[in-house]
Structures are given as structure tokens and as C-alpha cells.
Amino acid sequence: MRYCALSFSHRKTPIELREKIAFNQEDSFAFAKKLKDYGAQEVLLVSTCNRTEFYFYVENIEEMIAKTLKELAEIKKIGEEVLSANAEVYQEVEAIHHIFCVVSSLDSVVVGETQITGQFKSAYKIFFDAGLCNKALTRLIHFAFKCAAKVRNQTEISKNSVSIASVATQQATRFQVQHNLPKKALVIGFGEMGRLNAKHLLTQGYEIMICNRDQEKIKKFILENPKEGYKISSCVFEDLQKMLNFYPFVFSATAADSCVISKEMVQEVEFKRFWFDLAVPRDIEHFRDEKIEIFVVDDLNQVVQNNLATKRENMHKAYQIVGIATMEFNQWLQNLDVEPLIKEIRELAKQASMKEIKRALKKGYIAPDQQYSVEKILHQAFNTFLHAPTQKLRDCVNKQESDIILESIKSFFDIKGEGVLLNAYKCEYETPVK
């Protein structure tokens, strides 16, 4: 069994394709269950505005990737060749390194943001509870969370970090000053992104209207943010069309499968408007209007890249942490195979000792009252004899020839078991381009 990942992210996949292959929670379960039926021992699906990624623990990586692409093409009505051209596949150590980078927010549009870690935790918990990922992916993800914590604690990559929501607010404020517009904003959808939008807007002094189906979420948010001067009101989705034309700034991040704002909903107004569509699939229909500028997630990427220059040094250190964590996890995986092998050799030695003791008792070579003392002597003798070999076994996991050594020992002692051992020497990781 081996780890692998199939990724459709902002790095290579355009937003037009990302929104087509995005999954809601219910659909992600159904799709993941199909993949288990196709041979994945464990599977985790993470779908956010910037990525849809599949993580597997599987025996045949090539076959699993092929089946996933075929099934995805059929369900989403997209050509399989289009999916293949826009996908990135990571195998074994590469997959481990990739997930560590993703959870540590080194693969995010906004490097250092912490939202992806929370999204990953939520996805993992849901898939674990559903029995879709178990021991193998749990090991990997727990190490990934530890790696992300090290990156946060040992670098300043998350210090003063920005999120897509904060970048959108910064852009809005720039336009607000430039066009002398009132600080009034409509926030549509109140999931994690919507709440982040609201918090950033309130901090910047905006009066906000929150449009959401679940009004209880908004009431709770208002109670949790009682700061004097905050102006928060709410409306239901039935009022969206009416409210849409009152505000110069609109931030939309729903979990809808199709657009919630169409051109037909737009009325003529005197002021300039700026709409930020932070959802994937997109919430706002693509149309042209001289008085409305529409921004999607990928449009904010350039702003983020401009801010990235100040983080180069911290990114280099963060990649070093991720690289070391990848090798440590890989070594830990190998030790999981080495330790049972050592235990099995010691057990064989113990069985040989007991067999000879029984034979000696039967033939009268030793008296029954001497049995315990002889057992102790033989046990100590075998411990002494096996000490150096077992230590060398533990040391050899870092060597290029470790697979050959360990599998040869299994063959010599006729020890059965899974023979797939990863090589730590294969672990290579990139540092940021200067």
C-alpha cells in the first residue's frame, strides 16, 4: 500500500475548471465511497475555493488515478483528457511532502493563512467518522498538523498574514477611498469565508448587511461581536435581489452549486460598484457592466503575490521544516516495518531456545529445577548476540539499499509480510525560487 494525491489547484487548474469539479459534502461522500469500491483502501477528499484534491492509501497508484479521472469525468461531464492536462499527481514521498505543504499553507494562494488547516481538519474528521479514512491517512494527517504547527511556531510566515477575505477587504477599501463611496457592504453566505469577510469589514469600519438562509448563524455572530460601533444587520435570501442594488460593495461566498446573482437581478444605480466573488463554483454570473467590477478568487492572486516578496526568507525556512518533517515521517514509516521484523527475529530465537530446553529436559541433560536459570542464560545470550544486528537494522533504514537488506533478511528467516518499504533517500523538496 502506498500514499498518493491527485490535485486540481490554483497552481495549474483555472477557476472555470475548478468550479466544475468542486464537491459539496454530500457529493464528496458518495464519490469517495465509489473510489473505495474501486480499490482505494483509504480516501480523503478536500474541496475548497482554491483546490479539489484526493488523497489515497492504495496498492496500485496508476490504476487508482486512472479510475478517479474516468469517474470524475463522467460525473462532472468533463473530458477526461481535460482533467488529465490540468491535474497534478503526487506519489509516495512526493504525496507526503505535498500534503505537508498544503496543511502548512505553503501551497495556498495566500501563503501563511491558517484557513486551509481548519478546512483540512474538518474534512479529515468528517471522512474519518464516515470510515473512509483510517489508520494510514490518520498517521499522515496527524504528522501534517504537527508540521504545520512547527511552521507557524518556528517562522513568522503567519505573522500579519492575509487571507483571501482580507485581501478582498483591502481592495474594497482602496476603491472606497478612490471613488469616495460609503463604507457599506453586503455579505452573501455565512460559512467560514463569509464570517471572515464580515470580521474584516467590521474592523475597517464598514456597515454590513449579511444575507443568509440560516439566520441563527448571524444572530450568534452578532452576540459574539458586540463591540460598540459595529453596524450589523441581516436579511434572508428572498430579499437578495432588493438588497443587491443598495450596496457599493458585495462579497459573496455561498456553497451553492450554481450562480446566485444573475445579470437580470441588476438594477441601474448612480454609484460605482465592486463585487467580490469568493466562491467556487462562482456565485456571480459572468457579465459586463460599466458600473460594476467583478473580482473572482484568481483575480486577487496578483495582489497576494505582491505581498509575497516580504515572506521569502520565512518561506525558505518553512520549506526546510516541511522537508525535514517529510523525511522524519518517512523514516517513522520504515521503522514501523523494521521493529516488527526485529520482534519477529527475537521471537524465532526464543522459540529455538525453548525447543532446545524442552529437548534437554526430556533427555536429562538438565534437571527441572535448572530450567528457569537456563532460560535466563539463553535469553541473555541471544540478547547479546542480536544487539548489534538489530541496531544495524534500525540504522539501515536511512540507506539507499535498505529495501534490499530488509527484504533479504525476511527471506533468510522465512518471515512473511508486506514487502513495500519506502526509501528516505528519494525525498527531495524544492526551495522557493529567488
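The values are calculated or read from the model by the stated rules, or taken from the named source; none is laboratory data. Since we're looking at a predicted model, the values are computed, not measured. Cβ coordinates were reconstructed from backbone atoms using ideal geometry, including for glycine residues, and neighbour counts include every protein chain displayed. Surface accessibility is based on the protein's heavy atoms, side chains included, excluding ligands, DNA and RNA. Shrake-Rupley method; radii C 1.70, N 1.55, O 1.52, S 1.80 Å.
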Item to check | Complete set of residues in the range 66-95 that are open to solvent by 10 Å² or more (accessible area, probe 1.4 Å), part of a helix (DSSP H, G or I), of a type in the set (A, V, I, L, M, F, W, C) and in contact (Cβ under 8 Å) with a residue 40 or more places away in the chain | outcome: LEU69, ILE75, VAL82, VAL93
Next on the checklist: Being open to solvent by 20 Å² or more (accessible area, probe 1.4 Å), farther than 18 Å from GLN25 by Cβ and not polar (S, T, N, Q) is the filter here; which residues of the range 117-160 pass it?
Outcome noted: LYS135, ARG139, HIS142, PHE143, PHE145, LYS146, ALA149, LYS150, ARG152, GLU156, LYS159
Item to check | Scan of the range 254-279 for residues that are open to solvent by 20 Å² or more (accessible area, probe 1.4 Å) and closer than 17 Å to ALA165 by Cβ, ordered by number | outcome: THR254, ALA255
Checklist entry - Restricting attention to the range 55-65, does a residue exist that is part of a helix (DSSP H, G or I), surrounded by fewer than 24 Cβ atoms within 10 Å (Cβ to Cβ) and either without any contact (Cβ under 8 Å) to a residue 40 or more places away in the chain or of a type in the set (D, E, K, R) (or both)? => result yes
Item to check | From the options ILE284, ILE261, ILE321, residue that is at pLDDT 90 or above and either among the aromatic types (Phe, Trp, Tyr) or under 30 Å from CYS396 (Cα atoms) (or both) | outcome: ILE321
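Okay, residues lined up against (1) part of a helix (DSSP H, G or I); (2) open to solvent by less than 10 Å² (accessible area, probe 1.4 Å):
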residue: ARG11; (1), (2): no, no
residue: GLU16; (1), (2): yes, no
residue: PHE23; (1), (2): no, no
residue: GLU26; (1), (2): yes, no
residue: ALA32; (1), (2): yes, yes
residue: VAL43; (1), (2): no, yes
